[in-house]
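Visitor: Sharing a structure below in structure tokens format, with a few things to ask.
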Amino acid sequence: KGQYDAAIADYTAYLKIRPDDAGGWFNLALARYYKTQANPNEAGYRQAAADVSQAIKLDAKQASYWHVRGGIYSQLMIVDFVPSRDRAIADYSEAIRLDPKYASAYRERGIVYERANRAREALADLNTAIRLDPKNATAFYTRAKVYGAQKNYVAARRDAETAIKLFPNYDAAKIYLNYIIDEDRKAAAVAKKPPTPQTAPAPARPQPTPAA
């Protein structure tokens, strides 16, 4: 219901009674995470990550715990890009190890790779995410951005259009599709432009022979 402060208060009270309940810590983390997403700030994300870490300490076999903490670290990439990037990748990788068919973990790790300009890894993860969940608009949009950065405008346009078809209100995908269409048009215009004729160099003047 979006009553995050009430949820945080109740989970905090519950964990005073049952401090070893991993699910309680995880749900407390979710409440903090959702609250922080509404008003992004580093302290809120750090606290949410700490709560998930406590849940993982109590039960490290839940792929969703690692996945959510990876999502928190991906948000913190804006604060400390490299450390949070590496933590996010590590957490998504552990979620995938625990559940090899975790489509959203592949998608989110692919997004992190795309933000880090690691196209090969991004495409591998996004391809897997789409294979496991072919109706995921975000995976198609992110793959479109990877293809666009490689100037593969045909593939980028196809993926952006698919993302919009799956989610008609996907404004970011619409903006990116317009950008790709414009870039493709510019590239086509350059390809059709006739080469500039080269001017023949002027003949060299003979140099006088120096006197003996």
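Visitor: If I stretch the segment between residue 78 and residue 59 completely, what's the gain in nm (0.36 nm per residue apart, minus their alpha carbon distance), one decimal? Each step should come with its number before you reach the end.
Guide: Details: separation 19, 0.36 × 19 = 6.84 nm, distance 2.88 nm.
Gain on stretching residue 78 to residue 59: 4.0 nm.
Visitor: Ok, one more. Where the centre of each part is set by its Cα atoms, how far does region 124-177 sit from region 1-53, in angstrom?
Guide: Cα centres, region 124-177 to region 1-53: 32 Å.
Visitor: When only C-alpha pairs under 8 Å and at least 6 residues apart count, what is the relative contact order of the chain, in percent?
Guide: Working: 235 pairs, mean separation 20.6, N = 212.
In percent, rounded to a whole number, it is 10.
Visitor: Given a 1.4 angstrom probe, I'd like the percentage of the accessible area of region 67-114 that is carbon and sulfur, rounded to a whole number.
Guide: Numbers: 1000 of 1950 Å².
That fraction is 52 percent.
Visitor: Also, I was wondering about something else. Roughly what angle does helix 103-115 make with the longest principal axis of the chain, taking Cα atoms, 0 to 90 degrees, to the nearest 10?
Guide: Tilt of helix 103-115: around 40 degrees.
Visitor: Using the Cα gyration tensor of region 137-198, with a ≥ b ≥ c the square roots of its eigenvalues, what is the shape: rounded (a/c below 1.5), prolate (a/b larger than b/c) or oblate (neither)?
Guide: Details: a/c = 3.90, a/b = 2.76, b/c = 1.41.
Prolate, since a/c reaches 1.5 and a/b exceeds b/c.
Visitor: Work through the residues other than residue 36 whose Cβ is under 11 Å from its Cβ and net out their charges, Lys, Arg +1 and Asp, Glu -1.
Guide: +2
Visitor: For the chain, state what percent of all Cα-Cα pairs lands in each successive 10 Å bin, counting from 0 Å until the bin that includes the largest distance.
Guide: Going out from 0 Å in 10 Å bins, the chain shows 8, 25, 27, 17, 8, 5, 4, 3, 2, 1, 0 percent.
Visitor: Oh, and also: Would you compute, from DSSP H runs of 4+ residues alone, the mean residue ellipticity of the chain at 222 nm, taking -39500 (n - 2.57) per run and dividing by the full residue count, rounded to the nearest 500? Before the final figure, lay out each step's value.
Guide: Working: 10 runs with 155 residues, N = 212.
The per-residue figure over the chain is -24000 deg cm²/dmol.
Visitor: Right, something else. Using a Förster radius of 22 Å, what is the FRET efficiency between residue 172 and residue 46 based on their Cβ-Cβ separation? Nearest 0.05, please.
Guide: Numbers: r = 27 Å, r/R0 = 1.23.
Taking R0 as 22 Å, the efficiency between residue 172 and residue 46 is 0.25.
Visitor: Pairs of lysines 8 or more apart, or on different chains, with alpha carbons under 25 Å: count those in the chain, would you?
Guide: Step by step, the pairs that qualify in the chain add up to 25.
Visitor: Follow-up. Calculate how steeply helix 153-166 sits against the longest principal axis of the alpha-carbon atoms of the chain, using the helix alpha-carbon long axis, and give the answer as 0 to 90 degrees to the nearest 10.
Guide: 30 degrees
Visitor: Now, a different point. Please state the charge dipole magnitude for the chain, taken about the Cα centre, from unit charges on C-beta atoms (+1 on K and R, -1 on D and E), reported in debye and rounded to the nearest 20. Don't skip to the answer; put the middle values down first.
Guide: Values: 32 positive and 23 negative charges, 170 e Å.
Computed about the Cα centre, the dipole is about 820 debye.
Visitor: Rounding to the nearest 10 and keeping the result within 0 to 90°, find how far the Cα-based axis of helix 42-58 lies from the longest principal axis of the chain.
Guide: 60 degrees
The values are calculated or read from the model by the stated rules, or taken from the named source; none is laboratory data. Note that this is a predicted model, so its numbers are computed, not measured. Here the Cβ is made from the backbone with ideal geometry for all residues, glycine too, and neighbour counts use every protein chain on show. Areas reflect the complete protein model, heavy atoms only, side chains present, ligands, DNA and RNA absent. Shrake-Rupley method; radii C 1.70, N 1.55, O 1.52, S 1.80 Å.
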